[in-house]
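The structure appears right after this line, and notes come after that.
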């Protein structure tokens, strides 16, 4: 049996997607995301302390995700890291398996910036953030708006 989506379903998809779409007029009034070169420089200037490196790595990842979202016309529901990671995962800039790793590392990052005790991030954790950030940058260079809702 060949089922086609109903018009009602299409309308819901358009309504949902519209929440995350940006328009040129709105974008002109918002702060411009930093570019690829600045993100790469952030990754080079991480520092020696593992905690501060984690915080700076997340800043670079967030900037890379914003750059990628700008490229395809998406906007997160809010400015927090969690919505960025969720939208990055649902828009295929991040892998599902990375979502859980990144949310775990966000908890460590939050503990650092709010002055709580934390287990220091490992070199593997920091490497993961750098690799994911670089991949998002590369993918954002070839990303294009796939659907025009």
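The values are calculated or read from the model by the stated rules, or taken from the named source; none is laboratory data. For clarity, every value in this text was computed on a predicted model and none was experimentally measured. Glycine gets a Cβ as well: all are built from the backbone with ideal geometry, and neighbour counts include every protein chain shown.
Observations
- One residue from 61, 87, 67 being in a helix (DSSP H, G or I) and touching a strand residue (DSSP E or B) at 6+ places or on another chain (Cβ under 8 Å): 87
- Residue count for region 112-130 satisfying the condition of being in a helix (DSSP H, G or I) and farther than 16 Å from residue 59 by Cβ: 3.
- Residues of region 71-84 classified as in a helix (DSSP H, G or I) and either crowded, with 23+ Cβ neighbours inside 10 Å or free of Cβ contacts under 8 Å to residues at least 60 places away in the same chain (or both), total: 4
- The numbered conditions (1) loosely packed, with under 15 Cβ neighbours inside 10 Å; (2) modelled with pLDDT of 85 or more; (3) on the phi < 0 side of the Ramachandran plot are all true for residue 48 except (2).
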